[in-house]
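Below: one structure, written as structure tokens.
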Amino acid sequence: MALIQEEELRKYMEYLRKHLENHNDSGNESEADNDSPKYFSRYIVRQIFTNEEENKLEKYTKRCSGINYRLTYTDIQKLANEFGQTLPNCKISQEWHKKKEANSGWRRGFMLRHKTLTLRKPESTSLSRSAAFNKNTVGRFYDNYVSLLKRYKFPPERIFNLDETGVTTVMKPVKVVSTLGKKQVSQIASAERGELVTFVGIINAVGQSLPPV
């Protein structure tokens, strides 16, 4: 009995699929069919904001990411609720008003519609370090580096790179939304630190490494 019901359900779903395909394709054959209703994905039909308004939210999120004040999922949902209240023609649900933030369903749809945004885990970066990392400072560093290479002509095996990582008692940053493809994601954090164990790795330009420190 169960097999018969499953087979009937499969045939019915196949019939609906073909019916929808034929209905949407028929609109291109004659002008009379241009006024017939079309079928669209549900999450597009139920958008709270227009595409232009969502593009503004995407641009603001990327702007925050660019200055190291990235937004979490909760921040984006609260931002969407505040943004919706400022729009005269935006109808947000009572659930948004009650929780003072958009629901997770809207956030999932927003992330699906904006593929350039993704969830990343940032590195804690102090405010002083973030302010010093700019085009002029980095350009001055590389100018000095090139000048030293030309003056002393160091061979590759004498050029070393040192990098450090550590475990600290400071809370780890939560994952935030940033631009897809961005190599480094930072987050402003307090300059205060707890106990820290630092690991240092050293390697030269030909791939030879020193014992870890």
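Read-outs throughout are calculated quantities, based only on the coordinates presented, and are distinct from any laboratory measurement. Just so we're clear, the structure is a prediction, and the values are computed from it rather than from any experiment. Positions of Cβ are generated from backbone atoms using ideal geometry, with glycine treated the same way; all protein chains shown enter the neighbour counts.
Near Ser209, within a Cβ-to-Cβ distance under 15 Å, what is the net charge of the other residues, with Lys and Arg +1 and Asp and Glu -1?
Values: positive: Arg158; negative: Glu157, Asp163, Glu164.
My count for the surroundings of Ser209 gives -2.
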Inset, instruction - Taking H placed 1.01 Å from N in the peptide plane, check which residues at least 5 places from Glu123 or on another chain put their amide H under 5 Å from its amide H. - result: Val185, Ser186, Gln187
Legend entry - Using θ = phi - 60° and Karplus 6.51 cos²θ - 1.76 cosθ + 1.60, couplings along the range 158-166 (whole Hz; Gly, Pro as x): 9, 9, 10, 10, 10, 9, 10, 8, x
Inset, instruction - Note the full-extension length gain between Phe133 and Gln94 as 0.36 nm times their separation in residues minus their Cα-Cα distance, in nm to one decimal. - result: 9.7 nm
Legend entry - Stokes-Einstein translational diffusion, the range 83-159 - Kirkwood Rh over all Cα pairs, 0.890 mPa s, 25 °C, in µm²/s: 135
Inset, instruction - Have a look at the range 47-99 and give its Rg and Dmax from the Cα atoms, expressed in angstrom. - result: 11.6, 33
Inset, instruction - Could you run the Karplus curve 6.51 cos²θ - 1.76 cosθ + 1.60 with θ = phi - 60° over the range 99-113 and give me ³J(HN,Hα) per residue in whole Hz, x for Gly and Pro? - result: 8, 6, 6, 5, 7, 5, x, 5, 4, 5, x, 4, 5, 5, 7
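When Lys and Arg each count +1 and Asp and Glu each count -1, what net charge do the other residues less than 12 Å away from Ser65, Cβ to Cβ, add up to? Don't skip to the end; give the middle numbers.
Working: positive: Lys59, Lys62, Arg63, Arg70, Arg120, Lys182; negative: Glu58, Asp75.
Residues close to Ser65 contribute a combined charge of +4.
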Legend entry - Note, ³J(HN,Hα) from phi for the range 62-67, Karplus 6.51, -1.76, 1.60, rounded to Hz, x at Gly and Pro: 5, 4, 4, 5, x, 10
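Only Lys, Arg, Asp and Glu count, each charged at its Cβ (+1, +1, -1, -1), so figure out the dipole size of the range 44-115 about its Cα centre, rounded to 20 debye. Walk me through the intermediate numbers first.
Details: 15 positive and 8 negative charges, 38 e Å.
Using Cβ point charges on Lys, Arg, Asp and Glu, the range 44-115 gives about 180 debye.
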